[in-house]
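**Student:** Pasting in a structure now, in structure tokens, and then I'll have a few things to ask.
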Amino acid sequence: MQWSVPCAVLLVAALAWPAEAPAQQAVAAEIAPSGRLRVGFQTGSPILAKRAPDGSVGGVVVDLGRFIAERLGLPFDAVVYANQEAYAQSFGKGEWDLVIGVRSAAAEEKTDMSPDFMLADAMYVAAPGREYGDVAAIDRAGVKVGVSRGGGSDQFLTRALKLAQVVRVPGGVPNAVEALRSGAADVWAANPVTLREIEDALPGTRIVPGAWTTGRYAASLPKGRSTAARDRLAAIIDEAKRSGVVQRAIDREGFKGVRVAPG
């Protein structure tokens with residue numbers, strides 16, 4: 001018996017659907033064995049998430065985490081860390097099923113990372129009374145560069161700066177502001193969202209022209225997950241970018257200098 005092309009396509013799809021659902025359920029169970037997707041992230045960097053006065057947490061990574069959970073058919077549980085240092089120390093402890101944060105050497109060593117979902121130029125903000133013409137003026141003897149301890153800025157600038165001193169401080173805008181106000185740091189290195197909040201909180205600060213790198217943000221699974229699990233996460237991240245989930249979250253927060261990653 002001969003089949004028309006449309007009938008043949010429908011037959012193939014019908015035969016594939018019953019097998020596809022169990023396979024996706026198996027991947028979801030591998031990623032989140034408890035049956036709930038525990039998504040780890042930190043609130044010390046407002047480009048990721050912030051805690052509201054009522055205690056609730058929202059932001060780009062919360063939107064993305066909920067989207068990933070929805071696509072996996074799982075309830076979403078936020079695992080919130082107060083700053084980058086606490087977030088980094090959580091790796092390998094089994095406290096989460098996946099994390100969302102800045103791409104760094106430590107994260108790439110300890111987890112399997114998805115494609116980037118968001119990019120942001122990393123810059124400096126100068127303390128009141130400090131003047132720097134551009135980013136090239138920072139790496140000089142006597143200049144103290146404040147960074148969030150254990151974060152991407154710490155890891156990158158510890159290797160990149162040759163003459164300036166890296167000053168490591170627990171993350172969060174209030175700690176950055178105090179470091180600049182007290183003179184513990186001459187400049188603070190971070191993404192543009194964090195730097196704008198520092199500017200608003202400490203009059204007299206000024207963004208130093210130029211970027212010292214581009215921050216890349218991704219989701220990560222613990223090492224050892226299957227290729228199917230990694231591919232499924234990558235496909236969901238791609239869908240979040242294509243469907244506008246990431247862009248809408250950026251727009252809602254009013255971020256400047258932040259963009260959806262290509263690809």
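**Student:** What ranking do S226, S220 get, fewest neighbouring Cβ atoms within 10 angstrom at the top?
**Tutor:** S226, S220
**Student:** Need one number: % antiparallel among DSSP beta bridges in segment 31-171, to the nearest 5.
**Tutor:** Antiparallel: roughly 15 percent of the beta bridges in segment 31-171.
**Student:** Now, a different point. Pulled fully out, how much extra length does the chain show between S90 and R230, if you take 0.36 nm times their separation in residues and subtract their Cα-Cα distance?
**Tutor:** 48.4 nm
**Student:** Residue by residue through segment 213-222, which ³J(HN,Hα) values in whole Hz follow from phi under the Karplus form 6.51 cos²θ - 1.76 cosθ + 1.60 (θ = phi - 60°), with glycine and proline marked x?
**Tutor:** Karplus values, whole Hz, x for Gly and Pro: 5, 10, x, 10, 10, 8, 9, 9, 9, x.
**Student:** Counting helices only, and only those DSSP H runs with n ≥ 4, report the 222 nm mean residue ellipticity of the chain as the sum of -39,500 (n - 2.57) divided by its residues, in deg cm²/dmol to the nearest 500.
**Tutor:** -12500 deg cm²/dmol
**Student:** Hey, can you grab everything whose amide H is under 5 Å from the amide H of Y81? Only 5+ residues off in sequence or another chain; H modelled, so Pro and N-termini drop out.
**Tutor:** Excluding prolines and chain starts, which carry no amide H, the hits are F41, Q42, T43.
**Student:** Separation between the S34 and A136 pseudo-spin-labels, each 7 Å from Cα along Cα→Cβ, expressed in nm?
**Tutor:** 5.1
**Student:** Quick check: pseudo-label points 7 Å beyond the Cα along Cα→Cβ at D54 and A26, how many nm apart are they?
**Tutor:** 4.3
**Student:** Could you grab the relative contact order for segment 121-214? Cα pairs under 8 Å, six or more apart, rounded to a whole percent.
**Tutor:** RCO, segment 121-214: 48 percent.
**Student:** Give me the count of lysine pairs in the chain whose alpha carbons sit under 16 angstrom apart, restricted to pairs 8 or more positions apart or on different chains.
**Tutor:** Taking the chain as the scope, the lysine pair count is 4.
**Student:** Another one. Once amide H atoms are built 1.01 Å from N in the peptide plane, which residues 5 or more positions from L48, or in another chain, come under 5 Å H to H?
**Tutor:** Under 5 Å from the amide H of L48 lies no amide H from a residue far enough along the sequence or on another chain.
**Student:** Given that compact globular proteins tend to follow 2.2 N^0.38 Å, what is the ratio of the alpha-carbon Rg of the chain to that value?
**Tutor:** It is 1.16.
**Student:** Just flag the trypsin sites (Lys or Arg not before Pro) in segment 193-263 sitting in loop per DSSP whose Cβ has no more than 15 other Cβ atoms within 10 Å.
**Tutor:** Those satisfying the criteria are K223, K256.
**Student:** Find how much the distance from T158 to S182 grows on full extension, using 0.36 nm per residue of separation minus their present alpha carbon separation; answer in nm with one decimal.
**Tutor:** The T158-S182 span can extend by a further 6.4 nm.
**Student:** Counting alpha carbon pairs within less than 8 Å and at least 6 residues apart, what relative contact order, in whole percent, applies to the chain? Let's see the in-between values first.
**Tutor:** Details: 492 pairs, mean separation 66.9, N = 263.
About 25 percent, as a whole number.
**Student:** Percentage of Cα-Cα pair distances in segment 59-153 greater than 22 Å, rounded to whole percent?
**Tutor:** Tail of P(r) above 22 Å: 44 percent of Cα pairs.
**Student:** Next question. Going highest first, how would you order 60-66, 198-204 by mean Cβ packing within 10 Å? Kindly include the intermediate steps, with their values, before the conclusion.
**Tutor:** Numbers: 60-66: 23.0, 198-204: 14.3.
Ranked by mean Cβ neighbours within 10 Å, highest first: 60-66, 198-204.
**Student:** Dividing the alpha-carbon radius of gyration of segment 121-214 by 2.2 N^0.38 Å (N being the number of residues), what value is obtained?
**Tutor:** 0.92
**Student:** Considering only DSSP beta bridges where both residues belong to the chain, give the percentage that are antiparallel (nearest 5).
**Tutor:** DSSP beta bridges in the chain are roughly 60 percent antiparallel.
Values in this text are rule-based calculations from the coordinates and carry no lab data. These figures come from a predicted structure and were not determined experimentally. All Cβ positions, even for glycine, are placed from backbone atoms using ideal geometry, and neighbour counts span all protein chains on display.
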